[in-house]
Amino acid sequence: MLRAYGAGLRWFLRHRFLTILFTALVLLTTIHLFRMLPKGFIPSEDTSQMMAITEAVEGISFESLVEHQKAVASIVKEDPNVAAFMSNAGARGPFGGATQGPCSFVSSPEASASSVSTRSSQNSDQS
């Protein structure tokens, strides 16, 4: 391995102009690709999808967490702006904890995700 490193280093030192030219080409290509990328963090188009995570107090039993998650699901099911809804309770994979409940929403075609978000946050404040 050390011998290959030494040979590569000697080659690059003998061909300094090519090394600098290649480095400049990589830099210019990187700048060009960066300019082509979309700049917004949030997409400009509405995908009609939204994710949310509910969080219960530390030490809550799984059964109680499930009941709370069912209460959230019943509130969301009543919302006419929600076309589909999925909810889980407890830890899933490397993300989330035992006291969290991830939810995903799909808004109806005539509703926007922002109207679903506003109505859901109002309902959660009431409970």
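Applying the criterion of being of a type in the set (A, V, I, L, M) and in a helix (DSSP H, G or I) to the residues of region 44-80, the residue that is surrounded by the most Cβ atoms within 10 Å (Cβ to Cβ) is VAL76. Listed by first and then second residue, the pairs linking a residue in region 80-108 that is at pLDDT below 75 to a residue that is aliphatic (A, V, I, L, M), with Cβ atoms under 8 Å apart and 6 or more places separating them unless they lie on different chains, are ALA91/ALA98; GLY96/ILE53; GLY97/ALA91.
The values are calculated or read from the model by the stated rules, or taken from the named source; none is laboratory data. Treat the numbers as computed from the prediction; the structure is a model and nothing was measured. Because the Cβ atoms are built from the backbone with ideal geometry, glycine has one as well, and the counts that use them run over all protein chains shown.
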